[in-house]
1. Can you list the helices (runs of 4 or more DSSP H) lying wholly within the range 82-144 that have 1 or more residues being under 13 Å from residue 69 (Cβ atoms) and among the hydroxyl-bearing types (Ser, Thr, Tyr)?
2. Within the range 103-121, track down each residue that is under 17 Å from residue 56 (Cα atoms) and surrounded by 14 or more Cβ atoms within 10 Å (Cβ to Cβ).
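Read the figures in this text as sums done on the coordinates, not as results from a lab. Bear in mind the structure is a predicted one, so any value in this text is a computation, not a measurement. Glycine gets a Cβ as well: all are built from the backbone with ideal geometry, and neighbour counts include every protein chain shown.
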Amino acid sequence: MQMIADSHPARPRAAPVPGNADLDASPDTCEVSCVHPEAVQRARSALPGQQAVEAASALLKAVADPTRLRLLSALNTGELCVCDLAAVVGISESAVSHQLRLLRAHRLVAFRKEGRIAYYRLLDHHVTVLIGSALDHAGEDSRF
């Protein structure tokens, strides 16, 4: 793999911390500036289009709200009516209904009416996997 060094002069490094040789360089940056053309091209060709990025970002923002994530987690167990969701999450039926409208707008949940009762479920397998993966990842040990 070819590396192309940056033409800029060497960047100043942070002063070492006395008594700790492991912290004298920032662990989250390259120590030299270089570009790997093949890797850059591969990554650029895999980037989704702007419209897909914006739609996915909006979807993730909808899921990022703690109340909505609790609602989605409850629905991950199966179909529930608005009254049941309010009891599970501990908020009013009106607040649940408001959050569910937003989740429907982002195509995360679907509903059906049975008489005067509105039942909700996760829209599809993608949503089920998204919620499960997010919660699994959050529950993992964060130590490396």
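1. 125-139
2. 103, 104, 106, 107, 108, 109
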